Amino acid sequence: MIDATSLDWNKSDGLIPAIVQDHATRQVLMLGYMNEEALARTVGTGKVHFYSRSKQALWKKGETSGNTFKLVNIAADCDSDALLVEVKPKGPACHKETVSCFGDDPGPGLGFLAHLRTIIRKRKKDKPKGSYVGGLMARAPKRPAQKVGEEGVEVAMAAVSESKAALKTEAADLLFHLMVLLESRDLSLDDVVTVLRRRHAVRAAKSARS
């Protein structure tokens, strides 16, 4: 995942700042510091550890609150003196019970789609009474597919004959129902993005050869 010997531990007296990012929403959750032992524990256990500058001791995120970080990936910056730590958070990241140490937005920008997916997945699993998503999932994939078709037509009509506000509303409806349809088939927008990235890479390679 990362070679600890390649990092510049001397620049900050054996500590390296670690920026923690939600792997799904790409939201920055907090800033901590790691020494070599904290990094080794993180990689070895799959649970993020830090070094507390105030307590002068190693600590595992969530050891008292239960709000842990499951490690996904670690990358060093271009100067090898800072780390980007991608995680799957369990519970709030901040000790003040907010989503991140920088605020309580569950998913800034397009990151909100990842947050929305967690809600859709939970509705699919729990099937709460009166849930709109639960009702769609109960008749999946036909009913979600039908809704995607209906909303697609409404988006097209809004694009040519209605206001920008109407187009945004219809596009939101389409995107939401597309996410439900994908989830009903155990897929997500991430899988769609993978296809788009693959196509882009192929076209970029062809362009480079021409």
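Only one residue in Asn73, Asn67 is of a type outside the set (A, V, I, L, M) and within 21 Å of Leu7 (Cα to Cα), so which one is that? Give the derivation first.
Details: Asn67 fails: within 21 Å of Leu7 (Cα to Cα).
Testing whether each residue is of a type outside the set (A, V, I, L, M) and within 21 Å of Leu7 (Cα to Cα) leaves just Asn73.
Any residue at all in segment 30-43 that is touching a residue at least 60 places away in the same chain (Cβ under 8 Å) and buried (at least 16 other Cβ atoms within 10 Å of the Cβ)?
Among the residues of segment 30-43, at least one is touching a residue at least 60 places away in the same chain (Cβ under 8 Å) and buried (at least 16 other Cβ atoms within 10 Å of the Cβ), which makes the answer yes.
Please pick out the residue among Lys142, Lys96, Lys129, Lys122 that is outside the structural domain of Leu182 (by TED's automatic domain parsing), free of Cβ contacts under 8 Å to residues at least 24 places away in the same chain, over 27 Å from Asp13 (Cα atoms) and of a type in the set (Lys, Arg).
Lys96
How about segment 97-210: which helices (runs of 4 or more DSSP H) wholly inside it have at least 1 residues that are crowded, with 16+ Cβ neighbours inside 10 Å, of a type in the set (A, V, I, L, M) and more than 20 Å from the chain's Cα centre (by Cα)?
So the answer is 132-138, 142-161, 164-184.
Across segment 56-74, which residue is nearest to Ala18 (Cα to Cα) among those that are more than 22 Å from the chain's Cα centre (by Cα) and part of a loop (DSSP other than H, G, I, E, B)?
Gln56
So which residues in segment 24-63 are closer than 18 Å to Ser80 by Cα and of a type in the set (Gly, Ala, Ser)?
Those that are closer than 18 Å to Ser80 by Cα and of a type in the set (Gly, Ala, Ser): Gly32, Ala38, Ala40.
The values are calculated or read from the model by the stated rules, or taken from the named source; none is laboratory data. For clarity, every value in this text was computed on a predicted model and none was experimentally measured. Don't worry about glycine lacking a Cβ; one is built from the backbone with ideal geometry, like all the others, and counts go over all protein chains shown.
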